[in-house]
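Data first, discussion second: the structure below is written as structure tokens.
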Amino acid sequence: MARTIHFEASNAPEAQAALKAVRERYNDIGPESADVVVALGGDGFMLQTLHAFIGKQKPIYGMNLGSIGFLMNEYRAEGLIERLDAAEEAQIHPLRMTATAHGKTIEALAFNEVSLLRQTRQAAKLRVIVDEKVRIPELICDGAMICTPAGSTAYNLSAHGPILPIDAALLALTPISAFRPRRWRGALLSHRARARFEILEAEKRPVSAVADDYEVRDVTSVDIAEDRSIAMTMLFDAGHSLDERILAEQFVD
């Protein structure tokens, strides 16, 4: 199957040089007409590309020109059409964050995680509610997050959260440096769960909420749920699917 392509690249010099190289080899027919979008950059740029093409029904194939590249394929200019034809698909759904701040309601989507972070030297105090039931009346911490399976190997893993298989119908709720309850390490939630964080002592202990790279400061409450009405397709080289990468991540030092 011949693929028609549109290329997107980050502003990094390496990505811009690669963009020039691939456009010399392949016809870039633009975002509206292309069968597939090829993103050149790192994981952060892949997230930006996913957000940019929500609702466009375009699969995204990334080539790594960043640091980690967990969501990307190896960069090679040659053989791209063949790689796309043999690529394996992974479908992901974002989280929808609804945050209240300064009397306003702000919504944003996150393919990796929604995180709540303290804004000052003082620890945050959060009330954790899941499916309308208070689960933790007062969580004292640097913050907390809810992540998707695709995002479970990112910030969540750094905060000692669990790695989730890509097809698991689960979300991970992970505290960041929890002080009280001291031994609480988080929870696994159904992907149908509706989580709510209420910020206690919000003026004294201000908290920001971040959905991927979109930040809302001075929040007083944050509601988070998976949005199954939105589905994005990512493409990975044969034998290097996203579920295989997530599985392999659990067997490395």
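Some notes on this structure:
- Residue satisfying all of: in the range 43-68; among the small types (Gly, Ala, Ser) and at pLDDT below 95; surrounded by the most Cβ atoms within 10 Å (Cβ to Cβ) among these: GLY66
- Residues within the range 117-152 that are over 14 Å from LEU189 (Cβ atoms), in contact with a strand residue (DSSP E or B) (Cβ under 9 Å, 6 or more places away or on another chain) and touching a residue at least 24 places away in the same chain (Cβ under 8 Å), tallied: 15
- Every residue from the range 11-34 that is surrounded by 15 or more Cβ atoms within 10 Å (Cβ to Cβ) and closer than 23 Å to ALA231 by Cα: ALA34
- Conditions (1) among the polar types (S, T, N, Q); (2) in contact with a Ser or Thr (Cβ under 6 Å, 6 or more places away or on another chain); (3) part of a loop (DSSP other than H, G, I, E, B); number of the one not met by THR153: (2)
- Filter pass, LEU171 being within 30 Å of VAL38 (Cβ to Cβ), assigned by TED's automatic domain parsing to the domain that holds ALA124 and either basic (Lys, Arg) or out of contact with any Phe, Trp or Tyr (no Cβ under 6 Å at 6 or more places or on another chain) (or both): yes
- Members of the range 1-57 that are of a type in the set (Phe, Trp, Tyr) and in contact (Cβ under 8 Å) with a residue 40 or more places away in the chain: TYR26, PHE53
- Residues being of a type in the set (D, E, K, R), modelled with pLDDT of 95 or more and over 25 Å from THR49 (Cα atoms) are entirely absent from the range 169-191.
- When the range 203-244 is filtered for residues that are in the same structural domain as GLN122 (by TED's automatic domain parsing) and at positive phi, the ones remaining, listed by number, are ASP212, ASP218.
- Contact map, the range 228-253: first residue more than 18 Å from ALA39 (Cα to Cα), second residue assigned to a loop (DSSP other than H, G, I, E, B) and of a type in the set (Asp, Glu), Cβ cut-off under 7 Å, separation 6 or more or different chains; pairs are ASP243/ASP167.
- Screening ALA87 on (1) closer than 30 Å to GLY55 by Cβ; (2) among the hydrophobic types (A, V, I, L, M, F, W, C); (3) not assigned by TED's automatic domain parsing to the domain that holds SER10 shows it passes everything except condition (3).
- Residue that is surrounded by the fewest Cβ atoms within 10 Å (Cβ to Cβ) [pool: residues in the range 199-212 that are of a type outside the set (A, V, I, L, M) and touching a Leu at 6+ places or on another chain (Cβ under 7 Å)]: SER208
- Entry remark, the range 111-152: residues being of a type in the set (Asp, Glu) and either within 25 Å of ALA52 (Cα to Cα) or crowded, with 22+ Cβ neighbours inside 10 Å (or both) number 1 in total.
- Helices (runs of 4 or more DSSP H) within the range 1-98 that include 2 or more residues over 16 Å from the mean Cα position of the chain (by Cα): 13-25, 80-86
- Top-ranked residue of the range 69-95 - restricted to ones that are in contact with a strand residue (DSSP E or B) (Cβ under 6 Å, 6 or more places away or on another chain) and not aliphatic (A, V, I, L, M), ranked as surrounded by the most Cβ atoms within 10 Å (Cβ to Cβ): PRO94
- Strands (runs of 3 or more DSSP E) contained in the range 161-253 and holding at least 3 residues not hydroxyl-bearing (Ser, Thr, Tyr): 170-176, 187-190, 194-200, 207-211, 219-226, 232-236
The values are calculated or read from the model by the stated rules, or taken from the named source; none is laboratory data. Source: prediction; values computed, not measured. In this analysis, Cβ positions are derived from the backbone assuming ideal geometry, glycine residues included, and neighbour counts consider all displayed protein chains.
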